[in-house]
Structures are given as C-alpha cells and as structure tokens.
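Okay, so here's the structure we're looking at.
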Amino acid sequence: QVQLVESGGGLVQAGGSLRLSCAASGTRFSINTMGWYRQAPGNERELVAVVTNSGTTNYADSVKGRFTISRDNAKTTVYLQMSSLKPEDTAVYYCRANVRVIGLYWGQGTQVTVSS
C-alpha cells in the first residue's frame, strides 16, 4: 500500500518561511511526477508545484519566485520550500505522487496558516 506522509506545516507570520516534506513508501515501482497542491476553504484544490523524476519543475504563477520544489536523490521524498509567505497562501497542502504502473496517490494534507 503506497503511503505519502507529509510534515512541516504550521502557523507563520506573513513574510516568513516554511518547508514541507512528503515521503513516499510502500511501492516497488518508481515514482514519476511528485507535486504539491493546496486547498483553501471554499476553493477547489489547485496545483502549487510539481517536479518530474528528471528534475523538471512547474509552478503556479502565484508562487513563482517564492516557492521551490525539489526531490531527494532516491526520488521518494519531495520538498516544498516556501518563502515570503502571504495570508493568501493559507490552505491545506497535499502531496501527490504519480507511481509508475499503479497510478496517483495523495497524502493526508498538512495545514499551512499565514497570519497578517
């Protein structure tokens, strides 16, 4: 059973930084794209950033220049370094992994709250 375990959320003041981590386990198949999505109350879940297993990245326009996504050498952990945080970044952040052969998996979500 594939598991994605997220950590690193919390409460931070505007302008501050947080680093999210998401570790994947429970599969012998390699993981293609990993990414972060977020969902604020009353809103749909939206893409924040994704990274392929070759290192190609893509970001939502709203976070470009402030957030950086990366993966470890084993390609099973993805990070999201968030800087210059704004109140509008407040949301539950979800990790997603596209596991070769068996499909998409989501983490349980981690709350990020940015106070003004």
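The values are calculated or read from the model by the stated rules, or taken from the named source; none is laboratory data. Predicted, not measured: the structure shown is a model, and the values here were computed from it. Backbone-built Cβ (ideal geometry, glycine too); neighbour counts: all protein chains shown. Accessible surface is based on the protein model in full, side chains and every heavy atom, while ligands, DNA and RNA are left aside. Shrake-Rupley method; radii C 1.70, N 1.55, O 1.52, S 1.80 Å.
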Exclusive hit being polar (S, T, N, Q) and touching a Ser or Thr at 6+ places or on another chain (Cβ under 8 Å), set 56, 110: 110
Only one of 50, 101, 112 that is at negative phi and open to solvent by 20 Å² or more (accessible area, probe 1.4 Å): 50
Among (1) loosely packed, with under 13 Cβ neighbours inside 10 Å; (2) more than 27 Å from residue 1 (Cα to Cα); (3) of a type in the set (D, E, K, R) - the single one residue 66 does not satisfy: (1)
Single residue of the range 8-29 satisfying the filter (hydroxyl-bearing (Ser, Thr, Tyr) and open to solvent by less than 60 Å² (accessible area, probe 1.4 Å)) that is farthest from residue 102 (Cα to Cα): 21
Index of the failed condition, residue 35 passing every other in (1) open to solvent by less than 60 Å² (accessible area, probe 1.4 Å); (2) under 22 Å from residue 115 (Cα atoms); (3) not basic (Lys, Arg): (2)
